[in-house]
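Read through the structure below, which is laid out as structure tokens, and then see the notes.
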Amino acid sequence: MYKGDNSIIYVPGANSAVSYQDVREAENVLLTSDIVIVQNELPRETVEYLVDFCYKRDITILLNPAPARPISKEYIDKLNFFTPNETEFSVIFGDKKVEDVLSMYPNKIIITLGSEGAMFHDGEKMVHIPALEVDEIVDTTGAGDTFNGAFAYAQQSSLTIEEAVTFANLTSSVSIQKFGAQTGAPSFEEIQALKEYENSWGFKN
């Protein structure tokens, strides 16, 4: 491990108690959502119910498969975006080559690579977006959550996939220079102030 890397022990908490009935009670909120982000701390049946709900109603859904567990092709096909890290990718796809899997799911599966950035297939070729180099890594906890939130915001602001991944990389690079999963997440204004921020991205305010 590098200085600033995290080591996480997963202890199921409140998320593990969220049932599909809870999701049903929140359907009115989901129906007004532009994008829904879900991760695997919820029970499998809850995640699958939520994926089905969004898929049938054409609501954009992003699944971050953390912690890793197997997922069927049926449910991957129903997702708009799927963002495993390298470890989660290995659990889900076994010894399949990254290029082969990504080419099967262009502009859908985005692998986060930590200090190496992120990778996806755009339908024609593999695209690697490098991570931004930082002076000091303080705490990588929450970097993946920051990436997913930033990507979702960028995607719903009509940025291209490549632009959205670049913005997400930039945002997560700021988060690892601070301590804490939530306190490390930067504001949009912080990102706009960076020299790497592209005004051409044209975010919706």
Review point. How far apart, in nm, are the 7 Å Cα→Cβ label points at E86 and D34?
Key: 3.3
Revision key, fill the gap. Across the chain, qualifying lysine pairs (alpha carbons under 24 Å, at least 8 places apart or different chains) come out at 20
Point to revise | Gaussian network model of the chain, springs between alpha carbon atoms under 10 Å - residue of E163, E41, E136 with greatest fluctuation | key: E136
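Give the order of F120, F93 when sorted by the count of other beta carbons within 10 angstrom, beginning with the fewest.
If I rank by nearby Cβ atoms, fewest first, I get F93, F120.
Tally Lys/Arg at +1 and Asp/Glu at -1 over every other residue whose Cβ is under 13 Å from the Cβ of T83; what's the total?
Numbers: positive: K108; negative: E86, E88, D145.
Within the 13 Å Cβ shell, the charges total -2.
What percent does the relative contact order of the chain come to when contacts are Cα pairs within less than 8 Å and at least six residues apart?
Details: 315 pairs, mean separation 30.9, N = 205.
The value is 15 percent.
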Review point. Can you sort D145, D135, D100 so the residue with the fewest Cβ neighbours within 10 Å comes first?
Key: D135, D100, D145
Point to revise | Candidates G144, G117, G13: whichever shows maximal mean-square fluctuation once the chain is modelled as a Gaussian network with Cα springs under 10 Å | key: G13
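Can you tell me, using C-alpha contacts under 8 Å and at least 6 residues apart, the relative contact order of the range 21-135 as a whole percent? Don't skip to the answer; put the middle values down first.
On the way: 165 pairs, mean separation 19.4, N = 115.
Relative contact order of the range 21-135: 17 percent.
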Practice item. For the chain, find the longest principal axis of its Cα atoms and tell me its angle to the long axis of helix 44-56, 0 to 90°, nearest 10. Key: 90
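Give me the Kirkwood hydrodynamic radius of the chain in Å, from all C-alpha pairs, to one decimal place? Provide the component values of the computation, followed by the final result.
Values: mean 1/r = 0.0565 Å⁻¹.
One decimal place: 17.7 Å for the Kirkwood radius.
Given R₀ = 35 Å, what would the calculated FRET efficiency be for E74 paired with H128, taking r from the Cβ atoms and rounding to 0.05? It would help to have the intermediate numbers written out before the result.
On the way: r = 29 Å, r/R0 = 0.82.
It comes to 0.75.
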Point to revise | Shape of the range 12-130, Cα gyration tensor, a/c cut at 1.5 | key: prolate
Revision key, fill the gap. CD proxy, 222 nm, the chain: helix-only mean residue ellipticity via -39,500 (n - 2.57) per DSSP H run with n ≥ 4, per residue, nearest 500, stands at -11000 deg cm²/dmol
**Study point:** Net charge of neighbours whose Cβ lies under 15 Å from the Cβ of P67, counting Lys and Arg as +1 and Asp and Glu as -1
**Key:** -2
Practice item. Fewest Cβ neighbours within 10 Å first, please rank M119, M104 accordingly. Key: M104, M119
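Read the figures in this text as sums done on the coordinates, not as results from a lab. The structure presented is a predicted model; accordingly, all values stated were derived computationally and were not measured. Quick reminder, even Gly has a Cβ in these numbers, built from the backbone with ideal geometry, and neighbours come from all protein chains shown.
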